[in-house]
Amino acid sequence: MQKGLFITFEGADGCGKTTQLNLLNDYLIKKGYKVLLTREPGGKGLGEKIREILLNYDGEVSDRCESFLFLADRAQNIDVIINPAIKQGKIVLCDRHTDSSVAYQGYGRGLDIEQIKILNNLATNGIQPDLTLVFDVDIETSMQRVGSDKDRMENSGKEFFNRVRNGYLELAKQSPDRIKVIDATKAIDKVHKNVIEIIETYL
Ligand code: TYD
């Protein structure tokens, strides 16, 4: 049986990670692998309801409440979607996961980073990605890619996204074995080629 593998895709809004996740999915399926795609927030079912609140609620949302909603969604995603798929030997590709909480709620919003890491660990039951790809782009490019139709998170401003980006780079420095940074300013096919080069060493 194929060995389960858990890969997460990370980066600031507009970095192009979702496009790359879909390209990798096609590549792996063509090679005969069983793949499961999921995302945070909002894998499916209850997660979609939590996503709706997180991205579209237009009243006040405290930073701590925001953190717990992302974590609640994560616990559901791990228990109901990710862990069962890993156990079935699938390759799980997850669009955002624990590092998003550290980058956005920790570095971005300014909540205590060590506490976020502890809460992440509770939400995931200690399950960690085998590999995390961080798609790195400068803020000007990512803001341009996001465009003017912004959701609640995307309306957080340029300074916020600078902190998020630097947060990801800092995390990558702390965990060089798990987190690989990819230059996502390059053309889509070049970035895809980079992704494949890294993934092949894990298959
Ligand atoms: P989404 O539309 O999925 O954006 P993207 O395509 O860039 O992933 O929206 C998810 C938003 O939620 C995004 O702005 C990042 C944010 N987020 C957090 O702030 N913390 C988290 O833990 C997660 C999972 C996402």
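Rounding to the nearest 20 debye, state how big the charge dipole of the chain is about its Cα centre with +1 on each Lys and Arg Cβ and -1 on each Asp and Glu Cβ.
I would put it at about 720 debye.
Just subtract the alpha-carbon distance of residue 162 and residue 64 from 0.36 nm times their residue separation and send over the number in nm, one decimal.
Length gained, residue 162 through residue 64: 33.2 nm.
Any chance you could check the Cα centroid distance between the range 168-203 and the range 39-111 for me, in angstrom?
Cα centroid of the range 168-203 versus Cα centroid of the range 39-111: 22 Å apart.
If R0 is 25 Å, what FRET efficiency do you get for residue 201 and residue 75 from their C-beta distance, rounded to 0.05? Can you show the working numbers first?
On the way: r = 30 Å, r/R0 = 1.21.
For R0 = 25 Å, the calculated efficiency reads 0.25.
How would the range 84-203 be classified by its alpha-carbon gyration tensor: rounded, prolate or oblate, with rounded meaning a/c under 1.5 and the a/b versus b/c comparison settling the rest?
Judged from the Cα gyration tensor, the range 84-203 comes out oblate (a/c at least 1.5, b/c at or above a/b).
May I ask you to list the trypsin sites (Lys or Arg not before Pro) in the range 1-87 that are in a DSSP loop and have at most 11 other Cβ atoms within 10 Å of their Cβ?
Details: sites: 3, 17, 30, 31, 34, 39, 44, 49, 51, 64, 74, 87; in loops: 3, 31, 34, 44.
Here the trypsin sites (Lys or Arg not before Pro) that fit, given the DSSP loop and packing criteria, are 3, 31.
Starting from the range 36-79, pick out the chymotrypsin sites (Phe, Trp or Tyr not before Pro) whose DSSP state is loop and whose Cβ has at most 16 other Cβ atoms within 10 Å.
Passing sites in the range 36-79 are 57.
Can you tell me which of 5-11, 142-148, 190-196 comes out highest on packing, and rank the rest after it, using the mean Cβ neighbours within 10 Å?
Ranked from most to least packed, the peptides come out as 5-11, 190-196, 142-148.
Rounded to whole Å and sorted largest first, list the principal axis extents of the Cα atoms in the chain.
48, 36, 31
Take every Cα pair under 8 Å in the range 21-122 that's 6+ residues apart, average their separations, divide by the length, and report that relative contact order as a whole percent.
Working: 101 pairs, mean separation 33.6, N = 102.
Taking the mean separation of contacting Cα pairs over the length of the range 21-122, I get 33 percent.
Counting only helical runs of four or more DSSP H residues, what would the 222 nm mean residue ellipticity of the chain come to if each run contributes -39,500 (n - 2.57) and the total is spread over all its residues?
Details: 8 runs with 94 residues, N = 203.
Rounded to the nearest 500, the figure is -14500 deg cm²/dmol.
Place a point 7 Å from Cα of residue 170 in the direction of its Cβ. Which residues in the range 101-119 have their backbone N less than 15 Å from it?
101-118
Would you please name the GluC sites (Glu not before Pro) within the range 165-203 that are DSSP coil residues with at most 16 other C-beta atoms within 10 Å of their C-beta?
none
What FRET efficiency do you get for residue 121 and residue 148 if R0 is 35 Å and r is their Cβ-Cβ distance, rounded to the nearest 0.05? Intermediate results must be reported in sequence, preceding the final value.
Details: r = 38 Å, r/R0 = 1.07.
Computed FRET efficiency for residue 121 and residue 148: 0.40.
Values quoted throughout were computed directly from the atomic coordinates according to the rules given, and no laboratory measurement underlies them. This one's a predicted model, so the numbers in the text were calculated from it and none came from an experiment. Cβ sites come from the backbone with ideal geometry, for glycine too, and all protein chains shown count toward neighbours.
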